[in-house]
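Sending over a structure as structure tokens; questions will come in a sec.
The values are calculated or read from the model by the stated rules, or taken from the named source; none is laboratory data. Fair warning: this is a prediction, and the values are worked out from it, not measured in the lab. A quick note on method: Cβ atoms are made from the backbone with ideal geometry, for glycine too, and the neighbour counts reach across all protein chains shown. For the accessible areas, the whole protein counts, side chains as well, though only heavy atoms, and no ligand, DNA or RNA atoms are used. Shrake-Rupley method; radii C 1.70, N 1.55, O 1.52, S 1.80 Å.
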Amino acid sequence: MSKTPDDLKYSKSHEWLRSNADGTVTLGITDHAQDQLGDLVYVEVPEAGRELAAQEACAVVESVKAASDVYTPIAGTVIEGNETLADTPEAVNNDAYGAGWLLRLKPADSAALDGLMNAGDYQAFLESE
Amino acid sequence: MGAKLVDFAGWDMPIHYGSQIEEHHAVRRDAGMFDVSHMTVVDLVGAGVRPFLRYLLANNVDKLQQHGKALYSCMLNAEGGVIDDLIVYFLEESWFRLVVNSATREKDLAWIEQQATGFEVEVIEQPGLAMIAVQGPTARDKVLPLLPARRDSAAALKLFYGVEIEDWLVARTGYTGEDGFEIVLPDSEAEAFWRALADAGVRPCGLGARDTLRLEAGMSLYGADIDETVSPLVSGLGWTVGWDPATRDFIGRAALERERDAGPAARFVGLVLEDKGVLRNHQRVLVEGAGEGEITSGSFSHTLGRSIALARIPAAAAGERCQVEVRGKLLSARLVKAPFVRNGKAQINID
């Protein structure tokens, strides 16, 4: 059973989002997603300042097997990408909700997260998949 | 054993048993094992086997004069295209064993049967045999105590030789660039042997690690690097063509000679990505002044910490550099000679 922390929001394309105290949102891929991908060997994150539309591809995670796009479920402006992943892509496998975060963004609409799944919904979604 | 399974040519195959990277390193540094029972074992039996193989295979089976000796060869069509690549073992003068790919099983068997017409040869597939490859610097030491008999004969095997031990075939061959054994044994004994190997500290490895290991070793994967549309001469396999003696008339010879004499249109090279990213099959390779080629196998080298690939590029390509189109961007790569890694050591310079 993959981990789904209670304090996060989730998307159907297996991203997680965390609301930070300063109004920004941190985004990564879920434990389930990293497990499906297998060992990552390369991660590409967006540059600060990039404007993202909802559902836009915002990062690339590559396992030995394949490259996969990561989508942001909400629109916003990139504050920073996790540049340390260029040298430590395995952090996404080992700590998907911590050191493996992909990017931080300032949401265009602070209420946008409300429409996403909570941990219980996401868990149920995984079981139905 | 915690395997993540995928379908491969109709077989449920483990892609990994937890971590593909750890499995890769286990083979380079210690010992790993692969269940490769999907490989197709075909015995050729009869007085006409050697003459038949002289005709069937591009490599010259007359290089096999000592019992147990193995030979890597392509099996070509009349146009010089590769129907399959395989290993042939010389067991007895009237008994040779082929190990061919599973994805090509049906067409291989049909082709071999068809070509065998007129030769005194019986073609016998052996679906009741399993195959386990144990590879890595400590592989032989870990396997030897577990063999059912004649351990001295297995310990004494030279590279690319095999020995029959009861109804097992133990061969010092592999697909990783490391020392070790490939062992063909009855299905009924495979599970117990696998568990004994695991107890001896041999790590189970999946298809994922098998692919990155063989890529580092510069070994061809059928269906990716070679197929019926290309000849060995443009696939880095010219060394496997047994040209001598000129009188040996093997299938595809005339086409290969024409290609050789005209000068092959392409050459097969290794690539090391200098920028960050991952090289993948079918990406375009741009060589200044020479045109375009294509990556046939690309992945990530866990030993080198870089992305590497095998590629077919125009014969006119000179110099050391090229560019590869990776997800819409042009990245820099260096042309190198494969293998990238052998016996745990890098064979190319990484700055």
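Go through segment B:89-121 and give me each residue that's without any contact (Cβ under 8 Å) to a residue 60 or more places away in the chain, under 14 Å from B:T40 (Cα atoms) and charged (D, E, K, R).
B:E106, B:K107
Would a scan of segment B:67-88 turn up a residue that is farther than 24 Å from B:H38 by Cβ and assigned to a strand (DSSP E or B)?
yes
Right, another one. Going by the structure shown, is A:K65 closer than 28 Å to B:S297 by Cβ and assigned to a loop (DSSP other than H, G, I, E, B)?
Answer is yes for this residue.
Quick grid of which residues meet (1) at pLDDT below 95; (2) crowded, with 17+ Cβ neighbours inside 10 Å; (3) over 11 Å from the mean Cα position of the chain (by Cα):
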site	(1), (2), (3)
A:K3	yes, no, yes
A:K9	no, yes, no
A:H14	no, yes, no
A:V25	no, yes, no
A:L37	yes, yes, yes
A:P46	no, yes, yes
A:A53	no, no, yes
A:V64	yes, yes, yes
A:V70	no, yes, no
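Moving to a separate point now. Taking the options B:R210, B:R195, name whichever one is of a type in the set (K, R) and closer than 27 Å to B:R280 by Cβ.
Among B:R210, B:R195, only B:R210 is of a type in the set (K, R) and closer than 27 Å to B:R280 by Cβ.
Matching residues to (1) open to solvent by 20 Å² or more (accessible area, probe 1.4 Å); (2) part of a helix (DSSP H, G or I); (3) in contact with a Leu (Cβ under 7 Å, 6 or more places away or on another chain):
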position	(1), (2), (3)
B:T117	yes, no, no
B:E164	yes, no, yes
B:V170	no, no, yes
B:A198	yes, yes, no
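Anything in segment A:58-72 that is touching a residue at least 24 places away in the same chain (Cβ under 8 Å) and of a type in the set (V, I, T)? List them, or say none.
Across segment A:58-72, the qualifying residues are A:V61, A:V64, A:V70, A:T72.
Take B:G289 and tell me if it is out of contact with any helix residue (DSSP H, G or I) (no Cβ under 9 Å at 6 or more places or on another chain) and either exposed (fewer than 15 other Cβ atoms within 10 Å of the Cβ) or without any contact (Cβ under 8 Å) to a residue 60 or more places away in the chain (or both).
Yes, satisfied.
Further question: Let me confirm something: among B:D249, B:D244, B:D275, which residue is touching a residue at least 12 places away in the same chain (Cβ under 8 Å), within 14 Å of chain A (Cβ to nearest Cβ), farther than 22 Å from B:S220 by Cα and of a type in the set (D, E)? Steps first, answer last, please.
Details: B:D249 fails: within 14 Å of chain A (Cβ to nearest Cβ); B:D244 fails: within 14 Å of chain A (Cβ to nearest Cβ).
Exactly one of B:D249, B:D244, B:D275 is touching a residue at least 12 places away in the same chain (Cβ under 8 Å), within 14 Å of chain A (Cβ to nearest Cβ), farther than 22 Å from B:S220 by Cα and of a type in the set (D, E), namely B:D275.
What's the number of the condition B:D85 fails, among (1) open to solvent by 20 Å² or more (accessible area, probe 1.4 Å); (2) in contact with a Leu (Cβ under 8 Å, 6 or more places away or on another chain); (3) farther than 23 Å from B:P186 by Cα; (4) of a type in the set (D, E, K, R)?
For B:D85, the exception is condition (1).
Counting only residues that are touching a Lys or Arg at 6+ places or on another chain (Cβ under 9 Å) and aromatic (F, W, Y), which one in segment B:233-283 is surrounded by the most Cβ atoms within 10 Å (Cβ to Cβ)?
Looking at residues that are touching a Lys or Arg at 6+ places or on another chain (Cβ under 9 Å) and aromatic (F, W, Y), I get B:F268.
Any residue at all in segment B:11-24 that's more than 14 Å from every other protein chain (Cβ to nearest Cβ) and not in a helix (DSSP H, G or I)?
The answer is yes; a qualifying residue exists.
Pick from A:A67, A:A48: which is among the aliphatic types (A, V, I, L, M), within 14 Å of chain B (Cβ to nearest Cβ) and farther than 22 Å from B:G2 by Cβ? Break it down into steps so the answer makes sense when it comes.
On the way: A:A48 fails: within 14 Å of chain B (Cβ to nearest Cβ).
Within the list A:A67, A:A48, the selection yields A:A67.
Shifting gears a bit: Would you confirm, using the coordinates I've provided, whether B:D108 is over 18 Å from the mean Cα position of the chain (by Cα) and assigned to a helix (DSSP H, G or I)?
Working: over 18 Å from the mean Cα position of the chain (by Cα): no; assigned to a helix (DSSP H, G or I): yes.
Taking the combined requirement at face value, the residue does not satisfy it.
OK, next. Anything in segment A:51-64 that is of a type outside the set (A, V, I, L, M, F, W, C) and away from chain B (no Cβ under 14 Å)? List them, or say none.
A:E51, A:Q55, A:E56 - these are the residues of segment A:51-64 that are of a type outside the set (A, V, I, L, M, F, W, C) and away from chain B (no Cβ under 14 Å).
I want to confirm something. Restricting to segment B:200-209 and keeping residues that are in a loop (DSSP other than H, G, I, E, B) and under 15 Å from B:Y17 (Cβ atoms), which single residue is nearest to the other protein chains (Cβ to nearest Cβ)?
From segment B:200-209, those in a loop (DSSP other than H, G, I, E, B) are B:200-202, B:205-206; that's our starting set.
Adding the requirement that they be under 15 Å from B:Y17 (Cβ atoms) leaves B:201-202, B:205-206.
Working: B:G201: 22, B:V202: 20, B:C205: 13, B:G206: 10 Å.
Taking the candidates together, the pick is B:G206.
Yes or no, residue by residue, for (1) charged (D, E, K, R); (2) open to solvent by less than 30 Å² (accessible area, probe 1.4 Å):
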residue: B:S297; (1), (2): no, yes
residue: B:S301; (1), (2): no, yes
residue: B:G305; (1), (2): no, no
residue: B:P314; (1), (2): no, yes
residue: B:A318; (1), (2): no, no
residue: B:R321; (1), (2): yes, no
residue: B:V324; (1), (2): no, yes
residue: B:A346; (1), (2): no, no
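May I pose another question? Restricting to segment B:243-294, what's the tally of residues that are within 21 Å of A:A66 (Cβ to Cβ) and not small (G, A, S)? First the steps, then the outcome.
Here is the first cut: in segment B:243-294, the ones within 21 Å of A:A66 (Cβ to Cβ) are B:271-273, B:275-285, B:294.
When the remaining residues are screened for being not small (G, A, S), the result is B:271-273, B:275-276, B:278-285, B:294.
Number satisfying all stated conditions: 14.
Of all residues in segment A:72-111, how many are farther than 22 Å from B:R306 by Cβ, modelled with pLDDT under 95 and among the charged types (D, E, K, R)?
Qualifying residue count for the region: 1.
If A:A21 satisfies all but one of (1) out of contact with any helix residue (DSSP H, G or I) (no Cβ under 9 Å at 6 or more places or on another chain); (2) open to solvent by 20 Å² or more (accessible area, probe 1.4 Å); (3) in a strand (DSSP E or B), what's the number of the condition it fails?
Unmet for A:A21, out of (1) out of contact with any helix residue (DSSP H, G or I) (no Cβ under 9 Å at 6 or more places or on another chain); (2) open to solvent by 20 Å² or more (accessible area, probe 1.4 Å); (3) in a strand (DSSP E or B): (3).
Which of (1) open to solvent by less than 20 Å² (accessible area, probe 1.4 Å); (2) away from chain A (no Cβ under 14 Å) does B:T212 not meet, given it meets every other one?
(2)
Next up: Between a first residue in segment A:1-16 that is part of a strand (DSSP E or B) and a second residue that is among the small types (G, A, S) and crowded, with 23+ Cβ neighbours inside 10 Å, which pairs have beta carbons less than 6 Å apart while being 6 or more apart in sequence or on different chains?
If the second residue must be among the small types (G, A, S) and crowded, with 23+ Cβ neighbours inside 10 Å, the pairs left are A:W16/A:G28.
In segment B:196-218, what residues are out of contact with any Phe, Trp or Tyr (no Cβ under 6 Å at 6 or more places or on another chain) and hydrophobic (A, V, I, L, M, F, W, C)?
Selection gives B:A196, B:L197, B:A198, B:A200, B:V202, B:L207, B:A209, B:L213, B:L215, B:A217.
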